[in-house]
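Here is the structure we will look at, set down as structure tokens.
Every read-out reported here was derived from the displayed coordinates using simple, explicitly stated rules and does not represent laboratory data. Because the structure is a prediction, the values reported are computed rather than measured. As a convention, Cβ positions derive from the backbone with ideal geometry for all residues, glycine included, and neighbour counts pool all protein chains shown.
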């Protein structure tokens, strides 16, 4: 309950900060609509030429786009802002302000993961859910509402994988403060808006086993259509747990390398 109350307070503080710049709401709305429009238009153009690509029809690919929008919205909602405040260009590690975070009587990983929220990302979240709903409503599609439970499980596993990757990359900034490792992930996550099976074999290997963005979007889309291969449900959950434990260990070990700005 203590941590829940802290999250509520973090939300209030972030809301007050964002409401001070109300024009950002309209900028975020325009950007979100443009991002959605470009994504849907690209699929419409593509599927006027073909019926399916590597077994993915229009409805399942549209659902994948919606999942991508939801995932990136959740990242922008709290994971990204919090970790950027820690390991970004003007973050606490580089500025030396991490001293004050260490002095607070709260778990360091929790504080670094939930303290900053970007509530305008709720616009992208709503649009992403709307795209998934539209994909489910397409007549004749293979998507089935009955697969929602499996979809929810692998979706949570994918989000945990993404959080773990970003946490691990943020932890590496303690070792090399001049290099922003999250930029690597920013480039690869763009590829997650399309099925992993569409890419060349070498890139498919990278997106599945090195930085598994396929687990974040492609597998949830397969679960929604009922085409999730046997063992992928347990594999996704197991991978998420391993990534989370590994990232948490790396983060706590990396914190010990921090050199106080006052020392």
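Most fluctuating residue of 114, 100, 151 in a GNM of the chain with Cα springs under 10 Å: which is it? For the chain, modelled as a Gaussian network with Cα springs under 10 Å, the answer is 100.
Per-peptide packing, taken as the mean over residues of other Cβ atoms within 10 Å, places 139-148, 86-95, 166-175 in the sequence 166-175, 86-95, 139-148 from highest down. Would you mind getting the Kirkwood hydrodynamic radius of the chain from its Cα pairs, rounded to one decimal in Å? By the Kirkwood definition, the hydrodynamic radius is 19.6 Å.
Helix 2-19 and the longest principal axis of the Cα set of the chain meet at an angle near 80°. Percent relative contact order of the chain, based on C-alpha pairs within less than 8 angstrom and at least six residues apart? The normalised contact order for the chain reaches 26 percent. On full extension, the segment bounded by residue 2 and residue 43 gains 10.2 nm, given 0.36 nm per residue less the C-alpha separation.
Footprinting exposure proxy ranking of 25, 243, 4, fewest other C-beta atoms within 10 angstrom first, gives 4, 25, 243. Between helix 148-172 and the chain there is an angle of about 40 degrees, using the helix long axis and the longest principal axis of the Cα atoms.
Across all Cα atoms of region 5-116, the radius of gyration (one decimal) and Dmax (whole number) stand at 19.3, 59 Å. Taking the C-alpha atoms only, the angle from helix 232-255 to the longest principal axis of the chain is near 20 degrees. Once the C-beta distance of residue 23 and residue 209 is scaled by a Förster radius of 51 Å, the resulting FRET efficiency is 0.70 to the nearest 0.05. Given in Å, the Rg to one decimal and the Dmax to the nearest whole number for the Cα atoms of region 122-263 are 17.5, 66.
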